Structures are given as C-alpha cells and as structure tokens.
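First the structure, in the form of structure tokens, and then the observations on it.
The values are calculated or read from the model by the stated rules, or taken from the named source; none is laboratory data. In this text, all values refer to a predicted model and were calculated from it rather than measured experimentally. Glycine gets a Cβ as well: all are built from the backbone with ideal geometry, and neighbour counts include every protein chain shown.
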Amino acid sequence: MKKVFARFANDESGATAIEYGLIAGLIAVAIIGAAQTLGGEINTAFGKISTALKGSGGTGGTQ
C-alpha cells in the first residue's frame with residue numbers, strides 16, 4: 001500500500017495536463033480580449049473601405 005501511495009504522489013502527468021489547460025485558457029482569454037478591443041476599430045476600417053469602393057463606382061472586379 002505504501003508503494004502505491006508513493007507512486008501516486010510522484011506521478012506528475014496530471015499536473016502537466018492541468019498546466020497546459022491553464023495556459024490554453026489564458027491564451028484564449030487574451031485572444032478574446034484583443035478581439036473585443038480591436039473589433040470596433042476593424043469594423044470601422046472595413047466600413048470606410050466599403051464606402052470608398054461604393055463611392056468610386058467600383059463594381060467588385062467585374063467591368
């Protein structure tokens with residue numbers, strides 16, 4: 001019984017998986033935060049491009 005407990009105490013494979021999970025979670029939070037921060041600016045930029053293309057009489061590549 002003592003050997004089983006010692007082997008369980010020395011097993012770090014679960015800890016490694018948890019660490020990778022935490023890192024993945026933090027990366028996901030950072031990506032979501034960046035997307036929300038930049039989302040409005042990107043939407044505005046695409047709106048300006050769309051307006052400029054409509055105003056120039058652009059037909060989307062077909063003539």
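Regarding Ala35, is this residue part of a helix (DSSP H, G or I), at pLDDT 80 or above and surrounded by 10 or more Cβ atoms within 10 Å (Cβ to Cβ)?
Here the answer is yes, as Ala35 does meet what is asked.
State all residues of segment 45-57 that are of a type in the set (S, T, N, Q) and either in contact with a Lys or Arg (Cβ under 6 Å, 6 or more places away or on another chain) or modelled with pLDDT under 90 (or both); if no residue qualifies, say none.
The one that is of a type in the set (S, T, N, Q) and either in contact with a Lys or Arg (Cβ under 6 Å, 6 or more places away or on another chain) or modelled with pLDDT under 90 (or both): Ser56.
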